[in-house]
Amino acid sequence: MKKKEKSELRGATLEELIKQISGVEKTAAEKMRDRATKSVKNVREIKMLRKKIAVLKTVVRQKEFTHE
């Protein structure tokens with residue numbers, strides 16, 4: 001993920017971030033299922049999605065701490 005994308009995430013609201021997390025997790029689950037059942041062209045995509053989920057959850061956690 002690029003720095004610009006991360007800074008855009010930090011500007012998003014908590015609800016938007018949670019919605020993005022659920023969407024990315026759903027996509028990652030579909031990709032993992034596809035990898036297990038059939039051949040996938042881009043196997044690194046799952047790793048990238050997992051990293052994106054981690055960044056999103058980190059930003060959400062940071063926002064939770066700053067609002068307390």
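Things worth noting here:
- Odd one out for Thr27 among (1) loosely packed, with under 14 Cβ neighbours inside 10 Å; (2) among the polar types (S, T, N, Q); (3) assigned to a helix (DSSP H, G or I): (1)
- Looking only at the range 34-59, and only at residues there that are more than 11 Å from the chain's Cα centre (by Cα) and part of a helix (DSSP H, G or I), the one that is nearest to Ile21 (Cα to Cα): Glu45
- Here is the figure for the range 1-24: residues that are exposed (fewer than 12 other Cβ atoms within 10 Å of the Cβ), modelled with pLDDT of 90 or more and not in a helix (DSSP H, G or I) total 1.
The values are calculated or read from the model by the stated rules, or taken from the named source; none is laboratory data. As the structure is a computational prediction, the values presented were derived from the model and not from experiment. Neighbour counts are summed over all protein chains in view; Cβ atoms, including those assigned to glycine, are modelled from backbone coordinates with ideal geometry.
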